[in-house]
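One structure is given here, and the rest of the page talks about it.
We did not get these values from a lab; they are worked out from the coordinates using the rules stated. Just so it is clear, the model here is predicted, and its values are computed rather than measured. A quick note on method: Cβ atoms are made from the backbone with ideal geometry, for glycine too, and the neighbour counts reach across all protein chains shown.
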Amino acid sequence: MAAPLYSRILLKLSGEALMGDGQYGVDREVVQRIAREIKDVSDTGVQIAIVIGGGNIFRGMAKAAEGMDRATADYMGMLATVMNALAVQDALEHLGLPTRVLSALHIEQVAEPYIRRRAIRHLEKGRVVIFGAGTGNPFFTTDTAASLRAVEINAELVLKGTKVDGVYTDDPVSHPEAMRYRELSYSQVLEQNLQVMDATAITLCRDNDMPIIVFSINKSGALMRVMLGEEEGTSVRREIA
Ligand SMILES: Nc1ncnc2c1ncn2[C@@H]1O[C@H](COP(=O)(O)OP(=O)(O)OP(=O)(O)O)[C@@H](O)[C@H]1O
Ligand SMILES: O=c1ccn([C@@H]2O[C@H](COP(=O)(O)O)[C@@H](O)[C@H]2O)c(=O)[nH]1
């Protein structure tokens, strides 16, 4: 089999991708399938760090969050990502993969605190590192946490695994006629206001020359195909000559 193109990656998993066909929460079978795909990549020797979103839990609480103080609601969202991190950790460890959850919020009984050098050490030892609680700051998103952690740990690539199979001319969920891009520059995403990742996350990647590939985590084998450099999803990187 061909060798992966990367040795250290940051995988951003959309929280909503974990809920399968449900309205909210975690679908165990979906998480187990994603865990198997992660293990396949890990078995090739690629170091994998993961940032998980919280949309599957947090959007289920949207009514409760209405009218709340924004920062308080954001802390609820960050705690939701910790629950997802534990669900993914459990699924990976059932497959025999060593993992560590590192949380940006202090909850020592549940997860190690985020310490950059520790995260790198875990990766070097072959552990899958799962970053919980986003950046630890309200007014941010887990996409931004993914860009930030990727830069911090010197990852070679941010992989955004989501429900759609790339970046489209418009939201493909509400605009079925939208067309998928094969590649885009950071500035095209920003100028065209393509909503697949927020502007802060894209800007951080642009400023640090961190390439991004957006792909469908629901498509079997897609994660491995991205690792092997095969045509999959949309690649976002610096200006295309
Ligand atoms: N131009 C676009 N191309 C592709 N997807 C788009 C575009 N504009 C909006 N989207 C939407 O962006 C979503 C991707 O964001 P995603 O659901 O992964 O959110 P997230 O914040 O990363 O994760 P979470 O579900 O945890 O909140 C897709 O489901 C898609 O419907
Ligand atoms: O750094 C962060 C990351 C996340 N949040 C809050 O959590 C939710 C869920 O994250 P998603 O990226 O939408 O999946 C988000 O809406 C924020 O409320 C945060 O405050 N800071």
Based on this model, can you work out whether Glu93 counts as among the acidic types (Asp, Glu) and either farther than 25 Å from Met19 by Cβ or within 16 Å of ligand 2 (Cβ to nearest atom) (or both)? no
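Closer than 20 Å to Val46 by Cβ and within 16 Å of ligand 2 (Cβ to nearest atom) - does that describe any residue in region 218-235?
Pass one, region 218-235, residues closer than 20 Å to Val46 by Cβ: 219-233, 235.
Add one more test, that the residue is within 16 Å of ligand 2 (Cβ to nearest atom), and what stays is none.
So far as region 218-235 goes, no, none of its residues is closer than 20 Å to Val46 by Cβ and within 16 Å of ligand 2 (Cβ to nearest atom).
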Determine whether region 7-14 contains at least one residue that is over 26 Å from Arg116 (Cα atoms) and part of a loop (DSSP other than H, G, I, E, B). no
Per the filter on region 216-237, residues over 16 Å from Glu156 (Cβ atoms), out of contact with any Phe, Trp or Tyr (no Cβ under 8 Å at 6 or more places or on another chain) and within 15 Å of ligand 1 (Cβ to nearest atom) are Ser216, Ile217, Asn218, Lys219
Could you check how many residues of region 141-188 are surrounded by 15 or more Cβ atoms within 10 Å (Cβ to Cβ), part of a loop (DSSP other than H, G, I, E, B) and among the β-branched types (Val, Ile, Thr)? 4
Would you point out the residue of region 31-59, among those that are of a type in the set (Val, Ile, Thr) and within 16 Å of ligand 2 (Cβ to nearest atom), that is farthest from the chain's Cα centre (by Cα)? Ile57
